[in-house]
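What follows is a short report on a single structure.
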Amino acid sequence: MKNQHFKIFILTLFTGLIFSCDTVKRVNEGALLLTENEVFVNDKKDKSETIENLLYQHPNRNTLGVPLRLHLYNTARPNRDSIFEAWLDKKPKRPERLKKMYSQKQVDNLKKSALNFNNWLKEKGEAPVIVNEAKSKKSTNRLEAYYINNGWFNAEAQYEVIKKENKRAEIKYNVQTGTAFIIDSISEIIKSPKVKTLYEQYKSKSLLKTNEQYKTSNFDEERSRISTSLRNSGVYHFNQDYITFEIDTIGTNKKVNVGLTILDRSIRDHDSVIRQPFEVYTIRDVNVITDYSYENRGKPFQDSTSFNGYKFYSYNKMRHSPKAIANAIFIKPGDVFRDRDMISTYRHLKELRTFRYPNIEVTERLDNTITDTILLTPLKRFSLGFSTDVSTSNIQTLGFSLNPSLLMRNLFRGAETLEIAGKGSVGSSKDKNNPNDAFFDIIEYGVDFRLTFPRFFSPFYTKHLIPKYMSPTTNISLTMSSQTNIGLDKQTFGGIFNYNWTPNKTVTNRVDVFNLQYVQNLNVDAYFDVYQNSYASLNEIAQDVNYIAPDENLAIPDGANDFIDYATSNPTPPEFSNSQSATVNSISERKNRLTENNLILSSSWSVIVNERQSLFDEDYYILRFKLEPAGNLLSLGAGLLNLKKDDEGRNKLFNVAYSQFIKSEVEYTKHWDLGKKNVLAFRSFLGIAIPYGNSKSIPFSRSFFAGGPNDNRAWTAYSLGPGSSQTTNEFNEANFKLAFNAEQRFHILEKFYGAAFVDVGNIWNVLDNVTDEGATFTGFKSLEDLAVGSGFGLRYDFSFFVFRFDVGFKTYDPSYGQENRWFKDYNFSNAVYNIGINYPF
């Protein structure tokens, strides 16, 4: 009770300090603190962010209704240096006494520290915003201009300063728009015959429509559209300055008559300017210099060749395949000049990762043709990388890792790249199995190979299906890794052969033709050392049925394994209850599944539709879909390979029963920009993996889990589910998952942002060998086992990444009985504290 009273006292004191601060403390006499802006448009209040951004003055920013930064600024002293000197001189003996206790340098440092802290308060605070009528007048001008540019040509704006008590004031803006003007007619005057012909082809897509409201932005966009269309049709010398609009509103009764004029080309001839009709230019030649450098400029070429109409030159022996370079060039001899071909050429040549950003020199000829010379400067063939990392986790006290890498460019002269990345790490485990082990008893090492072809590597002709503008690539990767004193000490081998292409700027496709993963557990005897909760349950049952004495424990691994064999024998020993027998069977099944080696050979197709325009876009959606069948190829070849079967009738390859399943995932993310740096984010996820044929369950690496900083944040990773089961497993996983997340993100101050979120979801077993009703999805009734977590978070934007801290509370916990699920553990002691980098979705 005393502790509670103390917290109330501290809260009351803090609140009192905030509200006792005088917000007009630094407002001079005769000045007024701006507390609010109100904008009324045709007598109706407008709070939209667009309108507010037009105003030149805004009140001091508030956090939860309190101007904290203003209070911080007011805390600073206006003349801190003179105040410090006055404090020193207040008592005649004080300066001498301080000099005796400290040196003169220390006294000067004391003064400097006081000044620095005072300046920090001013810098991090916010000076009071004083009503400035000159800025208010500029705001009315900007409001009028905004409405005039949107068709209200007779718009008028006024402002009024409303004085309040204690040197405060509000500003009220009133806008009367009048009637909007409508486009009545559009006429064209186009001087150049070829431009006129081309314009008629694009006229139907005009952004200017009769009987629609006038908007200046539409005219700007139409000017850009016409210019882009003409430059993509061979009119090389054209730009937006040749397009003018004449607006006629005289005697038209709120109608606008638009006159479009496209002038002839202007050519400067000495001191005069002459006008000539525009001409359409074609590409005559495309020359490519494959090893350009400024030092070589002007030297004779030592090597040259041609391919598909392109001419290739090199100052030294040509090291790059002309075919590979030509596949990245969209400017073609004989075609008309097009800006988009130039842009595509720049982008695709850069994507080869073999050259620096290219340069294209354009030479104009008298016969209305163009010669393009593409200057390519090769990057170094070999690039070395090296990184280190120091870490700590729930399994190691301290860990160090080294990650060297090597990038090899133009491996086979076709702009291929080979990346070799190694990883080696050592760490000290928190729970040492052997006290005699060295301090660094955790060892992990591995190597990754990734070979990338800037085209489809295939025996079949695919250009008619996937043309080069879709940026097709082929990736072949191999990975090998080994672990010691981590879990069951796994050795992993993997290989992937996939194709990637982007049909347009929003869609990305990937097809894994082969995805091979082989996992070998080297230390299965350590299972019950790793999964101690399972061991504790097994040991308790062994004591309850008098298999061992109450003060004894099952030996690991033999004692535990022998007890499982005894408990699962047929018939079941009579001393076991049904629940005890079911628990042991569940532990046995899980142990067998997690300790067996895995062989997965799968294919997959995934597509991502990303409507995000840029990193600053906060109004978009992302759709992800993936379909992965596994084991079918091995199943078809089982007879031809004469594969042996295990005791369960499963086909085995290399003495491992391969996995067979089909897995699918769908994820949809949507962001709504609510203005004023407020964003509403939503995500939904559905995933299911169904075993069949050679498998009765899904491998751990392909299963789903729930919880964690990017999922349901009220539970730690792997701790939620399956379903309503009250499992004590360290890692809970299943083959069916539903998840829904909603998060309101809002700006607090400067680079600090806040969030309030609700996470809903769970995992279940379905169509596999798990029989626990609480863990199994049986239909719509199982949806009542969806766990609900809610909470709040704080973010700090470092520009290149966002640091995130979230607190999640268990709002609805399906592991409890129906009557105790809501708010059972809704408190800070049972909350989960998450730290993450960047937003969860």
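Taken together, the values in this text are just the output of simple stated rules run on the coordinates, not laboratory data. Only a predicted model underlies this, so the values are computations on that prediction, with no experimental measurement involved. Cβ: placed from backbone, ideal geometry, glycine included. Neighbour counts: every protein chain shown.
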Just rank Asp711, Asp813, fewest to most, by other beta-carbon atoms within 10 angstrom.
Asp813, Asp711
Assuming R0 = 56 Å, what is the FRET efficiency of Arg347 and Asn827, from their Cβ-Cβ distance, to the nearest 0.05?
0.55
Honestly the range 572-682 on the Cα gyration tensor test (a ≥ b ≥ c root eigenvalues; a/c under 1.5 rounded, otherwise a/b vs b/c for prolate or oblate) is just oblate
If every Lys and Arg gets +1 and every Asp and Glu gets -1 at its Cβ, then about the Cα centre the range 524-595 yields a dipole, in debye to the nearest 20, of 360
Please go through the residue pairs Lys47/Lys676; Lys215/Lys254; Lys652/Lys696; Lys137/Lys215 and name each one whose alpha carbons sit more than 18 Å apart in this structure.
Lys137/Lys215
Distance from the range 448-468 to the range 784-841 (C-alpha centre basis), Å
44
With a point put 7 Å past each Cα toward its Cβ, work out how far Ser482 is from Lys299 in nm, to one decimal.
4.8
Per Stokes-Einstein, at 37 °C and 0.692 mPa s, what whole-number D in µm² s⁻¹ belongs to the chain, with the Kirkwood radius over Cα pairs as the hydrodynamic radius?
94
What list do you get for His270, His71 if you sort them by fewest beta carbons within 10 Å?
His270, His71
If I stretch the segment between Leu379 and Leu465 completely, what's the gain in nm (0.36 nm per residue apart, minus their alpha carbon distance), one decimal?
27.8 nm
Gap in Å between the Cα centre of the range 621-637 and the Cα centre of the range 37-79?
54
How far, in nm, would the chain grow between Lys124 and Glu730 when pulled straight, counting 0.36 nm per residue and subtracting the alpha carbon separation?
213.6 nm
Efficiency by 1/(1 + (r/R0)^6): what FRET value for Ile250 and Glu364, r their Cβ-Cβ distance, R0 = 45 Å, to the nearest 0.05?
0.55
Assertion target for Trp672, Trp501, ordered by fewest C-beta neighbours within 10 angstrom first, is Trp672, Trp501
For Ile748, the residues 5 or more places away or on another chain with a placed amide H closer than 5 Å to its own amide H are Tyr753, Gly754
So, in the range 282-375, how many Lys pairs have Cα atoms under 19 Å apart, if the pair is 8 or more places apart or on different chains?
7
Per-residue ³J(HN,Hα) for the range 516-530, Karplus 6.51 cos²θ - 1.76 cosθ + 1.60, θ = phi - 60°, Hz, x for Gly and Pro
9, 9, 10, 10, 10, 8, 8, 9, 5, 5, 8, 3, 6, 6, 7
Aspartates and glutamates whose Cα lies under 12 Å from that of Lys810, excluding same-chain neighbours fewer than 8 positions away
Asp759, Asp825
For Asn765, net neighbour charge (Lys/Arg +1, Asp/Glu -1) across residues whose Cβ lies under 13 Å away
-2
Cα-based shape type of the range 182-276, given that a ≥ b ≥ c are square roots of the gyration tensor eigenvalues and the cut on a/c is 1.5:
prolate
Return the whole-Å distance between the Cα centroid of the range 584-613 and the Cα centroid of the range 330-372.
46
Suppose only helical runs count, i.e. DSSP H with n ≥ 4. What mean residue ellipticity at 222 nm does that imply for the chain under -39500 (n - 2.57) per run, divided by all residues and rounded to the nearest 500 deg cm²/dmol?
-6500 deg cm²/dmol
If r is the Cβ-Cβ distance from Ile690 to Phe386 and R0 is 45 Å, what FRET efficiency results, to the nearest 0.05?
0.55
